[in-house]
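Colleague: Please see the structure below; I have some questions.
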Amino acid sequence: MVQLTLVDSPLYSAGFVAADMREVFSYQAFIHRCVETEVALAKAQATEGVIPQDAAVQIAATADGFNFDFDRLHRETELVGYPILPIVEQLAAAAGEGGKHLHWGATTQDIMDTATVLQIREGLDIIDKRLNETVSALRRLAKDHRDTPMAGRTHLQQALPVTFGYKAAVWLSGLERHRERIAEIRPRVLVVEFSGASGTLASLGGKGLAVQARLAEELGLGVPLITWHVARDSIVETVQLMALICGSLAKIAFDVSVMMMNEVGEVSEPFAPHRGASSTMPQKRNPISCEHIIAALKMARERAGLALDAMVADFERATGPWHLEWAAVPESFAIASGALQQAAFMLSGLEVHADRMMSNLNMLHGLIVAEAVMMGLAPFTGRQAAHDVVYVACRKAIETGQHLHDVLKDTPEVIDHLGEDRLKQLTDPRNYLGSAGAMVDRVLG
């Protein structure tokens, strides 16, 4: 079959999708999960006395290692519109007498939704694992560079000093919250779907809820309070979470890519021969991981929008919005897995150029700590008067190219109150880091 999309492309996909996630959401894996659900349903119904025990045994034995006629499955799925009837027909025929009790009281969406939930459970495990890898890399950076000073920037301009450890800890804090979100989302999304044609389990009489609970137990899933055929919020929340993760990673990637600019030069992605190379400029070392991560966010955002549209499901079973999830769910997991893989690689080997950070911090000749001098002077003159004096000194430093310290020491309103030693202390960026270190400690703690 010709592969059209980026996530399936033999050329591009390795940079955007983790191999283990591809296995979880492959169409073969989905069919396997559908069969797993059918077998578990038969076992649950046999336990509750809805179908004969022998039938459940036959169904399970037939399903174990069953080889589908995939050409027939593809043709019939195109004809029917869904894969469950074609799956059931092949499996039931092979199961003999037991096959007569396959898919008892279920509807197509029951099986497909539950199969998707099983995939989501495995997908969340992979996302959690890769998130942990990225978190570990950021924790090392935050710890190692807790006190490495650099210029903090607002509106892309130097603002006040920070530390690179502080910056890494800010990045880290968002990913730590995503770990919490994954734990919180599991009970909401990892629930079984077995409710019958209109969601009332009418075909099983009084045993419907007992079978539903037994099925959930067989699959290790939770039991929903009510049918969720058309209540898609938990599935949509999961897709949004994948986009949120990509968003946090893209913020990191954007910062790193700017910091890699030759004119800034504060960090570099890990070196590997030819990684980020140009076909015509031998000197180039492009931020390849960053580029993949930023692209991943844009693709994840589109899947998040698709999933929101899928929430508008009509009446008790929808006419089509559900189909949007067939793209949004696997592709969002695929894209998030690839972004995390790139982030873990990049951050685990990130080269931090502390000397360049200090050089950039000093490039404005002390102007970056003008606020420090203002706040030091304010107790003597009042805040507004201190602001005005330091503002004039800053303008003079800019116009003459002098260091701010040298201008201020010749300013009587400043030097008379502060003295030489205090002024020297206030104009050293390393002394104006505020609570950056303490904040890093809190995040790491």
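Colleague: How large is the Rg to Rh ratio of the chain when both quantities use alpha carbon positions and Rh follows Kirkwood?
Modeller: 1.16
Colleague: Determine the gain in length on full extension of the stretch D20-S173; use 0.36 nm per residue of separation and subtract their C-alpha separation, reporting nm with one decimal.
Modeller: 52.5 nm
Colleague: Which value in deg cm²/dmol, rounded to the nearest 500, describes the helix-derived mean residue ellipticity at 222 nm for the chain, given -39,500 (n - 2.57) per DSSP H run of n ≥ 4 and division by the residue count?
Modeller: -21000 deg cm²/dmol
Colleague: Right, here's the next one. Give me the one-decimal nm value for the distance between modelled label points at H74 and E291, 7 Å along each residue's Cα-to-Cβ direction.
Modeller: So the label points at H74 and E291 sit 3.4 nm apart.
Colleague: Rounded to the nearest 20 debye, what is the charge dipole size of the range 159-198 about its Cα centre when +1 sits on each Lys and Arg Cβ and -1 on each Asp and Glu Cβ?
Modeller: 120
Colleague: May I ask you to sort M311, M112 by Cβ crowding, counting other Cβ atoms within 10 Å and putting the fewest first?
Modeller: Least crowded to most crowded, the residues run M311, M112.
Colleague: Between A378 and R442, take the C-beta separation as r, use R0 = 25 Å, and let me know the FRET efficiency to the nearest 0.05.
Modeller: 0.35
Colleague: Here's a follow-up. Let's test the formula: R0 of 30 Å, r as the Cβ-Cβ distance of R422 and S348. What FRET efficiency results, to the nearest 0.05?
Modeller: So the FRET efficiency works out to roughly 0.10.
Colleague: R0 = 41 Å: FRET efficiency of V312 with N132, Cβ-based, nearest 0.05?
Modeller: 0.70
Colleague: Stick to the Cα atoms of the range 134-183, pair each with every other, and give me the Kirkwood hydrodynamic radius in Å at one decimal.
Modeller: In the range 134-183 this quantity evaluates to 11.5 Å.
Colleague: Continuing with this model, one more query. Exposure proxy check: M375, M439 ranked by fewest other beta carbons within 10 Å?
Modeller: Ordered by Cβ neighbours within 10 Å, fewest first: M375, M439.
Colleague: Any idea how far the Cα center of the range 101-179 sits from the one of the range 190-252, in Å?
Modeller: 23
Colleague: Build a GNM of the chain with springs between Cα atoms under 10 Å: which of E122, E97, E133 gets the top mean-square fluctuation?
Modeller: Between E122, E97, E133, it is E97 that shows the largest mean-square fluctuation.
Colleague: Something else now. Stretched out fully, how many nm does the piece from T200 to A93 gain, at 0.36 nm a residue minus the Cα gap?
Modeller: 35.7 nm
Colleague: Compute the helix-to-body angle for 321-348: its Cα long axis versus the longest principal axis of the chain, expressed 0 to 90° and rounded to tens.
Modeller: Roughly 40 degrees between the two axes.
Colleague: Using amide H atoms built 1.01 Å from N in the peptide plane, name the residues 5+ places from G152, or on other chains, whose amide H lies under 5 Å from its own.
Modeller: A159, L160, V162
Colleague: Nearest 10 degrees, 0 to 90: what angle lies between the long axis of helix 370-381 and the longest principal axis of the chain (Cα atoms)?
Modeller: 60
Colleague: Can you tell me, using C-alpha contacts under 8 Å and at least 6 residues apart, the relative contact order of the chain as a whole percent?
Modeller: 18
Colleague: Shifting gears a bit: Nearest 20 debye, what's the magnitude of the dipole of the range 17-106 about its Cα centre given +1 on Lys and Arg Cβ and -1 on Asp and Glu Cβ?
Modeller: That gives a dipole near 100 debye.
Colleague: About the Cα centre of the chain, what is the dipole size in debye to 20, counting +1 per Lys and Arg Cβ and -1 per Asp and Glu Cβ, all else neutral?
Modeller: Charge dipole, the chain, about its Cα centre: 920 debye, nearest 20.
Colleague: Order of 285-295, 355-365, 313-323 by packing, highest average Cβ count within 10 Å first?
Modeller: So the peptides 285-295, 355-365, 313-323, ranked by packing, come out 285-295, 355-365, 313-323.
Colleague: For a quick check: with amide H placed at 1.01 Å from N, whose amide H comes under 5 Å from L221's, ignoring anything fewer than 5 positions away on the same chain?
Modeller: none
Colleague: Put +1 on the Cβ of each Lys and Arg and -1 on the Cβ of each Asp and Glu in the chain; which of S234, I252, A307 then has its Cα farthest toward the positive end of the dipole?
Modeller: I252
Colleague: Would you be so kind as to identify which of H387, L209, A296 lies farthest towards the positive end of the dipole of the chain, taking Lys and Arg as +1 and Asp and Glu as -1 on Cβ and the Cα centre as origin?
Modeller: Of the listed residues, the answer is H387.
Colleague: Would you work out which of A93, A106, Q157 lies farthest towards the positive end of the dipole of the range 88-195? Charges go on Cβ: Lys and Arg +1, Asp and Glu -1.
Modeller: Of the listed residues, the answer is Q157.
Every read-out reported here was derived from the displayed coordinates using simple, explicitly stated rules and does not represent laboratory data. From a predicted model like this one, the values you see are computed outputs, not experimental measurements. Note that each Cβ is placed from the backbone with ideal geometry, even for glycine, and that neighbours are counted across all protein chains shown.
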